[in-house]
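Have a look at the structure below before the remarks.
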C-alpha cells in the first residue's frame with residue numbers, strides 16, 4: 001500500500017506567520033510520530049500519538065508548537081509565530097502500533113522561515 | 001555530552017569495500033537499536049533493528065551491538081554505489097518510552 005505522505009513538500013513563510021504541516025500515515029498504523037531534522041541538531045523527536053492521544057509532548061521545542069490527530073489517521077503539526085530557527089525538515093513516521101520499532105518515515109516537509 | 005554520538009564523516013570508499021559505521025551512547029537505558037538509511041531529500045528508511053547484544057545479519061548488512069561497551073556498528077559488505085547515503089543510528093529506551101534518539105548520521109559515498 002501507500003507509504004507515509006506529507007504535505008506540503010516545501011513551505012516558505014515569513015517570520016511571524018503560522019504554518020500547518022500535514023501527515024497521512026500508512027493505513028492501519030495506530031502510532032504516529034513527528035521529528036525535526038536540521039543541520040546542526042540532526043533528527044530530533046517532537047511528539048508521538050497513540051491513536052488520537054499524545055502522551056509525551058516533551059520534545060516540542062516551545063509552546064508555539066502544537067500537534068493534533070483526528071480519527072486515528074491524519075495529523076497536523078502547527079507552528080505559530082514562526083521564527084528563523086524553526087527552519088528545518090519536519091518528518092512524520094508511523095508504526096503499526098506503539099512500541100513497534102519499525103517506524104516508516106514520510107519524505108518530510110522542508111520549512112524555510114525568512 | 002549527547003546521548004548518542006556518531007562520526008559524521010564523510011566516508012568515501014571504493015565499490016566492493018567493507019564499510020563499518022559506528023555509534024556510541026552514554027545511557028544504559030537504551031535497549032533497542034536501529035539503523036536507518038537516508039538518501040538525499042528523502043525520509044529515513046529502516047535497515048535493521050536489534051534488541052540484544054550480538055550480531056544480526058540481513059543480506060549484505062550486519063548490525064552489531066555491544067551493550068557492555070555502549071557501542072553499536074553496522075557493516076556493509078560488497079558495498080555498491082547505490083549504498084551512497086547518510087546512515088543514521090537510532091535508539092529507544094524500554095518500557096513505555098517510545099521516543100527514538102538519533103545519531104547525527106554518517107555520510108557515505110561508494111565510488112564506482
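The values are calculated or read from the model by the stated rules, or taken from the named source; none is laboratory data. Only a predicted model underlies this, so the values are computations on that prediction, with no experimental measurement involved. All Cβ positions, glycine included, derive from the backbone under ideal geometry; neighbour counts span all protein chains shown.
Taking only region A:78-104 into account, find how many residues are under 24 Å from residue B:46 (Cα atoms) and surrounded by fewer than 23 Cβ atoms within 10 Å (Cβ to Cβ).
Step one: of region A:78-104, the residues under 24 Å from residue B:46 (Cα atoms) are A:88-104.
Then drop every residue that is not surrounded by fewer than 23 Cβ atoms within 10 Å (Cβ to Cβ), which leaves A:88-89, A:95-102, A:104.
Adding up the residues that qualify gives 11.
Does at least one position in region B:78-86 carry a residue that is at pLDDT 95 or above, crowded, with 19+ Cβ neighbours inside 10 Å, within 11 Å of the chain's Cα centre (by Cα) and within 20 Å of residue A:41 (Cα to Cα)?
yes
Residue check, residue B:112 against (1) more than 13 Å from the chain's Cα centre (by Cα); (2) within 14 Å of another protein chain (Cβ to nearest Cβ), all met but one. Which one?
(2) is the only condition that residue B:112 fails.
Determine, yes or no, whether residue B:25 is within 13 Å of chain A (Cβ to nearest Cβ) and at negative phi.
Values: within 13 Å of chain A (Cβ to nearest Cβ): no; at negative phi: yes.
No: the conditions fail for residue B:25.
Do we find that residue A:7 is surrounded by fewer than 17 Cβ atoms within 10 Å (Cβ to Cβ), more than 10 Å from chain B (Cβ to nearest Cβ) and closer than 18 Å to residue B:37 by Cα in this structure?
Numbers: surrounded by fewer than 17 Cβ atoms within 10 Å (Cβ to Cβ): yes; more than 10 Å from chain B (Cβ to nearest Cβ): yes; closer than 18 Å to residue B:37 by Cα: no.
No, not satisfied.
State which residue pairs qualify: first residue within 19 Å of residue A:114 (Cβ to Cβ) and inside region A:19-46, second residue buried (at least 19 other Cβ atoms within 10 Å of the Cβ) and modelled with pLDDT under 95 in any location, beta carbons under 8 Å apart, and separation of 6 or more residues or different chains.
Here the result reads A:36/A:43, each pair linking region A:19-46 to a residue that is buried (at least 19 other Cβ atoms within 10 Å of the Cβ) and modelled with pLDDT under 95.
Considering only region A:24-41, state which residues are part of a strand (DSSP E or B), surrounded by 19 or more Cβ atoms within 10 Å (Cβ to Cβ) and within 12 Å of the chain's Cα centre (by Cα).
Pass one, region A:24-41, residues part of a strand (DSSP E or B): A:24, A:31-38.
If we keep only those that are surrounded by 19 or more Cβ atoms within 10 Å (Cβ to Cβ) too, we end up with A:31-37.
Across region A:24-41, the qualifying residues are A:32, A:33, A:34, A:35, A:36, A:37.
Counting only residues that are at the interface with chain B (Cβ under 8 Å from one of its Cβ atoms), give me the strands (runs of 3 or more DSSP E) lying completely in region A:42-113 with at least 3 of them.
Working: elements: A:42-50, A:53-56, A:65-69, A:75-79, A:88-95, A:109-113.
Result: A:42-50.
Identify, by number, the condition in (1) in contact with a helix residue (DSSP H, G or I) (Cβ under 8 Å, 6 or more places away or on another chain); (2) more than 28 Å from residue B:106 (Cβ to Cβ); (3) crowded, with 18+ Cβ neighbours inside 10 Å that residue A:49 doesn't meet.
So residue A:49 meets the others, but not (1).
Any chance you could count how many residues in region A:61-98 are free of Cβ contacts under 8 Å to residues at least 60 places away in the same chain and under 18 Å from residue A:51 (Cα atoms)? Steps first, answer last, please.
Taking region A:61-98 first, the residues free of Cβ contacts under 8 Å to residues at least 60 places away in the same chain are A:61-77, A:85-89.
With the extra rule that they be under 18 Å from residue A:51 (Cα atoms), the set shrinks to A:66-77.
Qualifying residue count for the region: 12.
Among B:80, B:6, which is within 10 Å of chain A (Cβ to nearest Cβ) and either touching a helix residue (DSSP H, G or I) at 6+ places or on another chain (Cβ under 9 Å) or in contact (Cβ under 8 Å) with a residue 12 or more places away in the chain (or both)? Don't jump to the end; show me each part of the working.
On the way: B:80 fails: within 10 Å of chain A (Cβ to nearest Cβ).
Just a single option satisfies the conditions, and that option is B:6.
Is it true that residue B:105 is within 14 Å of chain A (Cβ to nearest Cβ), on the phi > 0 side of the Ramachandran plot and within 15 Å of the chain's Cα centre (by Cα)? Walk me through how you get there before you give the answer.
Values: within 14 Å of chain A (Cβ to nearest Cβ): yes; on the phi > 0 side of the Ramachandran plot: yes; within 15 Å of the chain's Cα centre (by Cα): yes.
Yes; evaluated as a whole, the condition is true for this residue.
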